[in-house]
Structures are given as C-alpha cells and as structure tokens.
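What follows is one structure encoded as structure tokens, with my remarks underneath.
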C-alpha cells in the first residue's frame, strides 16, 4: 500500500503535540456512545456513525487550530470532530467520509495526536485498491 499523490500529508504540522493532547484530555467532555472509541464534536451539527452531534460553539483551541489549518487546506473549518482511541486495541476500519454532506469547496483535514496510528483507505470502485499512512503525533492529512 502506498499514499495517494493527490492528498496532502504533513508529518510535523503541529508543534508540541503532546501538550495539545494533554489539553484535550483535560478539557473535552467525551461522548461514550461508540464502543470502539470516545468522540466529541464542536461546530456545526454533524451526524457521524449514526450518532447526531448538535451544533456546539467552537472552543478557543479549535478556533486557533482552524486559523492554523485554513492557509494550508484552503478552506475554513466549520466542525471539529475528535476521536479518542484509548489503547492499541481501539481502531477504525477503512476510512470513509460522507463527502456529499460537506459544504461545497471544503473537505476533511485529519490531525493526529498521541501514539502513531495507521489510517487506511479503500476505493469504493475498486475494492482491491488500498492506501495507508502511518500518522505520527502532530501530523496532518
């Protein structure tokens, strides 16, 4: 498996990722409705894995992060979805975003904090075609 050339990957996007992770762990109220991981959502209302997250104001740290992301990704983020994987046993299957619900001209940015994790994609048209990245702490995809 190899990375897609049309996706942006910055392995060291965020300085001091451990400090940012500690801040999130200390301040975020985590939702426990998902079995595999804890989640939280800020910004516009969002439906994720059959769970509805109501609109919630972006906290100061999310606004700061959005300001850092905007010049790199080319759009202003209107939602921040957090996934907390407790240990090496917690994981996500093949990654799939419902792009049809995104506002025109936007996309998805993934910022990884904590232990390195692999994210995998598989083509819906050709299920044999897979790509994967190992996302180190502080990386942006």
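Rule-based calculations on the coordinates, nothing more; no lab input. Note that the structure is a prediction, hence the values are computed from the model and not measured. So basically every Cβ, Gly included, is an ideal-geometry build from the backbone, and we count neighbours across all protein chains shown.
Subtracting the Cα-Cα distance of residue 86 and residue 27 from their residue separation scaled by 0.36 nm leaves 19.6 nm. Summarising the label geometry, the points placed 7 Å from Cα in the beta-carbon direction at residue 48 and residue 61 lie 1.5 nm from one another.
Over segment 17-135, what portion of Cα pair distances is larger than 20 Å, expressed as a whole percent? That fraction is 49 percent.
When you count the other C-beta atoms within 10 angstrom of each residue and take the mean per peptide, 51-60, 112-121 line up highest first as 112-121, 51-60. For the chain, the mean residue ellipticity at 222 nm estimated from helices alone is -5500 deg cm²/dmol, where every DSSP H run of n ≥ 4 contributes -39500 (n - 2.57) and the total is divided by all residues, rounded to the nearest 500.
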